[in-house]
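K.L.:
Sharing a structure, written as structure tokens. Questions coming.
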Amino acid sequence: IVNIPYTQECNDVAMMLIQHHQAIEYYQRAMDQFEQIYADSAHSARVMALVVHPYIMGAPHRLKHYRRALEEMRARKDVLFWTGEQILDWYRGR
């Protein structure tokens with residue numbers, strides 16, 4: 001059994017629909033989490049999950065914040081964006 005990380009901390013259902021945060025909160029949490037995980041990755045591989053649903057984060061007033069976070073993460077040349085299947089293939093090939 002292989003488990004791929006899943007987060008409640010950066011989960012649009014919890015943050016937007018249950019906790020009723022403003023959309024900017026998703027960006028701030030995602031970037032805070034990213035910066036810590038990125039620093040931790042200097043010594044070993046790390047996986048970060050961003051849980052989003054098109055009908056929630058795809059809403060126009062939220063999408064710009066999600067897009068901004070992704071753009072900032074993608075600006076790092078050594079960060080990969082993989083699907084669960086790609087992560088599993090990498091893990092199995094180790």
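K.L.:
Scan the chain and report its longest stretch carrying no chymotrypsin sites (Phe, Trp or Tyr not before Pro) that are both in a DSSP loop and have at most 13 other Cβ atoms within 10 Å.
P.N.:
7-80
K.L.:
Right, something else. Counting only heavy atoms of the protein chains, get the accessible area per residue of the range 5-94 (1.4 Å probe) and round it to a whole Å² value. Spell out each step's value before the answer.
P.N.:
Details: 6260 Å² over 90 residues.
Each residue of the range 5-94 exposes 70 Å² on average to a 1.4 Å probe.
K.L.:
Report, to the nearest whole %, how much of the accessible area of the range 1-54 belongs to carbon and sulfur atoms, 1.4 Å probe, protein only. Don't skip to the answer; put the middle values down first.
P.N.:
Values: 1830 of 3470 Å².
Accessible surface attributable to carbon and sulfur in the range 1-54 totals 53 percent.
K.L.:
Right, next: Could you tell me which label, among (1) 2, 11, 17, 21, 19, 15, 9, 3, 1, 0; (2) 2, 12, 23, 23, 19, 12, 6, 2, 0; (3) 3, 15, 26, 28, 19, 8, 2, 0, carries the value of P(r) over Cα pairs in 5 Å bins from 0, in percent calculated for this structure?
P.N.:
(2)
K.L.:
Nearest 20 debye, what's the magnitude of the dipole of the chain about its Cα centre given +1 on Lys and Arg Cβ and -1 on Asp and Glu Cβ?
P.N.:
Working: 11 positive and 11 negative charges, 44 e Å.
Taking the Cα centre of the chain as origin, the dipole is about 220 debye.
K.L.:
Putting +1 on Lys and Arg Cβ atoms and -1 on Asp and Glu Cβ atoms, find which of 80, 1, 13 reaches farthest to the positive end of the dipole of the chain.
P.N.:
Value computed over the given set: 80.
K.L.:
According to a simple spin-label model (label point 7 Å from Cα along Cα-to-Cβ), what is the distance in nm between residue 9 and residue 79?
P.N.:
Placing both labels 7 Å along Cα→Cβ, they lie 1.5 nm apart.
K.L.:
OK, next. Build a GNM of the chain with springs between Cα atoms under 10 Å: which of 12, 78, 40 gets the top mean-square fluctuation?
P.N.:
78
K.L.:
Please sort by residue number the trypsin sites (Lys or Arg not before Pro) in the range 17-72 whose DSSP state is loop and whose Cβ has at most 16 other Cβ atoms within 10 Å. Walk me through the numbers before you get to the answer.
P.N.:
Values: sites: 29, 46, 62, 64, 67, 68; in loops: 46.
Listed in order of number, the matching sites are 46.
The values are calculated or read from the model by the stated rules, or taken from the named source; none is laboratory data. Predicted model only: the values in this text are computed from it and were never measured. Please note: Cβ atoms are built from the backbone with ideal geometry, for glycine as well, and neighbour counts cover all protein chains shown. Quick note on the areas: whole protein, heavy atoms, side chains included, nothing else; ligands and nucleic acids left out. Shrake-Rupley method; radii C 1.70, N 1.55, O 1.52, S 1.80 Å.
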